[in-house]
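The values are calculated or read from the model by the stated rules, or taken from the named source; none is laboratory data. Just so we're clear, the structure is a prediction, and the values are computed from it rather than from any experiment. Because the Cβ atoms are built from the backbone with ideal geometry, glycine has one as well, and the counts that use them run over all protein chains shown.
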């Protein structure tokens, strides 16, 4: 079978099975992830090196192919039949080529369709501030962020710029003007793109991921200077997120970033996708809302106390992860075993169950 036809057939199968990921490796069968399970696709042949090279010829642009040869790894996005996009990473392992692909639906689902808490709407209605969606890889951060950005797009007259590596969801300008910039295709790097936003008359900024101190510092500054800024981090909890941001700076800069963050932060939303008993996935989440008490803890470097603030702050709109897990168990959505698996505090969960 021609290599383009192989990858087209595999992606069609992925869509049909409602899978989230596809893994292609030399000398192995293709594997897809459905919910949380990896499933070998036994009706396909074991992939050879030639197969992988041919598939990458279909998936990558010329510039991306050159980067892959030079750096042994490349991030990319691929549009399939105009109905779905995939985020990909091609890399080497033990000298062999591998490709990981994640499906990104063409349609951007609403926050309600994603079973996200209604309080998130209060953050997209802000005029300025810094909001983070955090969690481990593959837990729906990009999808949540896209839903929030698209809510602004469909409800407000704003200039929105996204900076991503690579671009995942494609936004069609509605009430807002939405412009999307991809690293290496539209701008050399995050830092260069972020310097430019201050001259581009923007209202809302989405940064695909904060990877280094320069990006974080510029994002915080943008929030301080009247912009609404959204981004993601690969952290587990709100308190860990604040600690990670501060610790990414050298010691002499940490006091300043704590002060800036305490003033610009509006919230941190941490989420997990948990297998649903009836099939599919359902989100469980934690929400930290910045207020005077939270800002004070950040300034004074007492971030370990943020967990207690969240646990006792439900009347203020804060959401404790254990509480959402216990509610999902009681509603028959998830198993007790999965609730404990995803909990950060099993003793606290036990009290709620």
note = If we ask which residues in region 160-193 are over 23 Å from residue 84 (Cβ atoms) and free of Cβ contacts under 8 Å to residues at least 12 places away in the same chain, their number turns out to be 3
ask   = If you go through region 21-38, how many residues are surrounded by fewer than 19 Cβ atoms within 10 Å (Cβ to Cβ) and either outside the structural domain of residue 93 (by TED's automatic domain parsing) or under 14 Å from residue 87 (Cα atoms) (or both)?
value = 2
message = For the condition in contact with a helix residue (DSSP H, G or I) (Cβ under 7 Å, 6 or more places away or on another chain), under 24 Å from residue 226 (Cα atoms) and assigned to a strand (DSSP E or B), what is the one hit in 268, 274, 257?
response = 268
query = Can you pull out the strands (runs of 3 or more DSSP E) entirely within region 1-115 that have at least 2 residues that are under 30 Å from residue 325 (Cβ atoms) and touching a residue at least 40 places away in the same chain (Cβ under 8 Å)?
reply = 21-25, 96-105
query = Under the condition of being over 17 Å from the mean Cα position of the chain (by Cα) and within 20 Å of residue 85 (Cβ to Cβ), which residue from region 115-157 is surrounded by the most Cβ atoms within 10 Å (Cβ to Cβ)?
reply = 153
ask   = Of the residues in region 339-353, how many are farther than 21 Å from residue 276 by Cβ and touching a strand residue (DSSP E or B) at 6+ places or on another chain (Cβ under 6 Å)?
value = 0
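Among the residues of region 196-224, write down those that are part of a loop (DSSP other than H, G, I, E, B) and farther than 27 Å from residue 309 by Cβ.
198, 199, 200, 201, 202, 203, 208, 211, 212, listed by residue number.
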task = Please enumerate the residues belonging to region 295-338 that are out of contact with any strand residue (DSSP E or B) (no Cβ under 8 Å at 6 or more places or on another chain), farther than 26 Å from residue 260 by Cβ and part of a helix (DSSP H, G or I).
result = 311, 314, 315, 322, 323, 326, 327, 329, 330, 336, 337
key: Residue check, residue 28 at pLDDT below 95 and more than 24 Å from the chain's Cα centre (by Cα)   = no
inquiry  = Can you tell me which condition residue 121 does not meet? The list is (1) over 24 Å from residue 219 (Cα atoms); (2) outside any loop (DSSP other than H, G, I, E, B), and all the others hold.
reply    = (1)
ask   = If you go through region 182-226 one residue at a time, how many are touching a strand residue (DSSP E or B) at 6+ places or on another chain (Cβ under 8 Å) and within 24 Å of residue 286 (Cα to Cα)?
value = 10
